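Asker: Sharing a structure, written as structure tokens. Questions coming.
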Amino acid sequence: MFSPGEAESRWPISYLEFSLDGSQLTLIHRPIPEAMQNQTMMGWHTMLDLIAAGLSGEFPKRSELFSKSAELYGVDLQKLKA
């Protein structure tokens with residue numbers, strides 16, 4: 001059972017939009033506060049890379065892809081807050 005306020009998020013409300021055109025998936029996630037944009041892109045990039053790898057029969061560790069995406073988007077994983 002949740003206590004009052006326990007199910008509330010400290011993050012702002014955002015919306016996801018997925019569209020598929022042939023084999024091209026487009027993901028739109030908005031609004032994302034400016035301070036969270038690189039982290040959000042890093043997370044989605046990692047998740048989509050995991051899906052693509054799984055569809056190819058590969059199963060890389062999430063942490064490996066996460067590190068690659070962090071570097072790509074300039075996110076310092078040591079400074080992330082929970």
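The values are calculated or read from the model by the stated rules, or taken from the named source; none is laboratory data. These figures come from a predicted structure and were not determined experimentally. Note that each Cβ is placed from the backbone with ideal geometry, even for glycine, and that neighbours are counted across all protein chains shown. Keep in mind that these areas ignore ligands, DNA and RNA; they rest on the heavy atoms of the full protein, side chains included. Shrake-Rupley method; radii C 1.70, N 1.55, O 1.52, S 1.80 Å.
Asker: Of the listed values (i) 14.8; (ii) 13.4; (iii) 15.2, identify the label whose number matches Kirkwood radius over Cα pairs in Å calculated from this model.
Answerer: The value matching this structure is (i).
Asker: Using a 1.4 Å probe, what is the accessible area per residue for the chain, in Å²?
Answerer: On a per-residue basis, 85 Å².
Asker: Let me ask you something else. In whole percent, how big is the carbon plus sulfur part of the accessible area of the chain, probe 1.4 Å, protein atoms only?
Answerer: Roughly 56 percent of what the probe reaches on the chain is carbon or sulfur.
Asker: Between Ala53 and Leu20, what length comes free when the chain is fully extended (0.36 nm per residue of separation minus the Cα-Cα distance, one decimal in nm)?
Answerer: In short, 10.1 nm is gained.
Asker: Work from the charge dipole of the chain (Cβ charges, +1 for Lys and Arg, -1 for Asp and Glu, about the Cα centre) and give the residue of Leu27, Leu65, Leu48 farthest towards its positive end.
Answerer: The Cα lying farthest towards the positive end belongs to Leu65.
Asker: State which stretch of the chain is the longest one without any exposed trypsin sites (Lys or Arg not before Pro), exposure meaning a DSSP loop state and at most 11 other Cβ atoms within 10 Å.
Answerer: The longest uninterrupted stretch comes out as 11-60.
Asker: Only loop residues by DSSP count here, and only those with at most 14 other Cβ atoms within 10 Å; note down the chymotrypsin sites (Phe, Trp or Tyr not before Pro) in the stretch 1-81 that meet that.
Answerer: Here the sparse-neighbourhood loop sites are Phe2.
Asker: Once you charge only the Cβ atoms, +1 for Lys and Arg and -1 for Asp and Glu, what is the size of the charge dipole of the chain about its Cα centre, to the nearest 20 debye?
Answerer: 200 debye
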